[in-house]
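So the structure is just underneath, and the comments pick up after that.
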Amino acid sequence: MSVNAIVSDIKKGDIKPIYFLMGEESYYIDKISEFIENNILSESERGFNQMIIYGRDASIDDIVSNAKRFPMMAEKQVIIVKEAQELSRTIENLAVYVENPQPTTVLVVCYKYKKLDARKKLAKLIKKKGYVLFESKKLYENQVSDWIRKVLTGKKYNIEPKAVQMLVEFLGTDLSKISNELDKLMIVLSKESVISPEDIERNIGISKDFNNFELRKAVGNKHIVKANQIINYFKQNSKSNPIVVTISLLNDLFTKLLLFHGLKDKSQTNVARKLSVSPYFVKEYFDAAHNYPMRKVSQIISMLHKADMKSKGVGASLLAKDDILKELLFKIMH
């Protein structure tokens, strides 16, 4: 069941007695629980009939005991269990309540970063009874880019492809972090704006010229001077630019480049689909493929693996982390 379907049903008055929200991506779990918290009861009803329980401070028995209560001067009560993953060892005990829930209670369980074992009784019972068992899955990097665009389009904003890439590379795939930064941008920029790399740099603090996105581009084009300028910037701002992330992103570039070399159909549409990248960035792979033949790409992937191990202290490298990256780039581009 999708987020939109859950929200739509609640708006229609089709309210289930149990919402079990689980999965790796906390953003949608928070959004659904917030919607329930703000929309099922009126403001005057919430004082006596809405309760927030935290998993670290409660037991399954505490939750069931509160859920079995009757509402006061209202048709329903809402109980939201946050951080329910803290109860993972005993969560199956909730099955007893699911078998016979209080019809006037809406129980929302926020089970973040984990999911129920589909083979066990609790998950099977929630599905059998027709209650909500929602899994919030982590998005892949290319999916996050599309998500950013859709969120902004819905709010009457547009964004340049490079600005999207800067956000994803700096913030990763954590939708909650990205959403917070988008909110900041939408506060300072008027509607119908096209968010640019300059806007990202000015309002979020990500350099538009000295970041992993620009480093990958410089390496792909064998722009040695530019690549060295970027890693010197990284050396001065090492906390914001950890070497592990840089090596990982370079590995992603050359892994996709290896896949690119093996493609028979090198049309823009097929390359974008097979490499899971925006069509906007396909040209960069053509440029990089010209500079790095397949045999060299295979050698570079091996270099990246060794540099990654060195950066993590494996092999007792005598080089500082900054020098590991400098040595790596020299080997890649020469």
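General observations
- Unique match (being over 30 Å from L21 (Cα atoms), in the same structural domain as D322 (by TED's automatic domain parsing) and not in a helix (DSSP H, G or I)) among S240, S190: S240
- Filtering K274, K222 for residues that are of a type outside the set (S, T, Y), at pLDDT 90 or above and at positive phi leaves a single hit, K222.
- Checking each residue in region 221-237 for being part of a loop (DSSP other than H, G, I, E, B) and over 27 Å from S276 (Cα atoms) picks out only N237.
- Counting the residues of region 12-55 that are charged (D, E, K, R) and surrounded by fewer than 11 Cβ atoms within 10 Å (Cβ to Cβ) gives 3.
- Taking residues in region 255-280 that are under 20 Å from N291 (Cα atoms) and in the same structural domain as M294 (by TED's automatic domain parsing), and partners anywhere that are surrounded by 16 or more Cβ atoms within 10 Å (Cβ to Cβ) and not hydrophobic (A, V, I, L, M, F, W, C), the pairs with Cβ atoms closer than 6 Å and at least 6 places apart or on different chains are F260/Y285; L275/K256.
- Test: residue in region 37-50 that is in the same structural domain as K127 (by TED's automatic domain parsing), on the phi > 0 side of the Ramachandran plot and hydrophobic (A, V, I, L, M, F, W, C): no
- Enumeration of residues in region 322-334 that are of a type outside the set (V, I, T) and either under 18 Å from V225 (Cβ atoms) or buried (at least 19 other Cβ atoms within 10 Å of the Cβ) (or both): D322, L325, K326, E327, L328, L329, F330, K331, M333, H334
- Applying the criterion of at least 1 residues that are in contact (Cβ under 8 Å) with a residue 40 or more places away in the chain and within 17 Å of L133 (Cα to Cα) to the strands (runs of 3 or more DSSP E) found wholly in region 1-82 leaves 18-23, 77-82.
- Only one entry in E43, E24 is of a type outside the set (S, T, N, Q) and under 21 Å from the mean Cα position of the chain (by Cα), namely E24.
The values are calculated or read from the model by the stated rules, or taken from the named source; none is laboratory data. Everything quoted here is computed from the prediction, not taken from an experiment. FYI the Cβ positions are ideal-geometry reconstructions off the backbone, even for glycines, and counts take in every protein chain you see.
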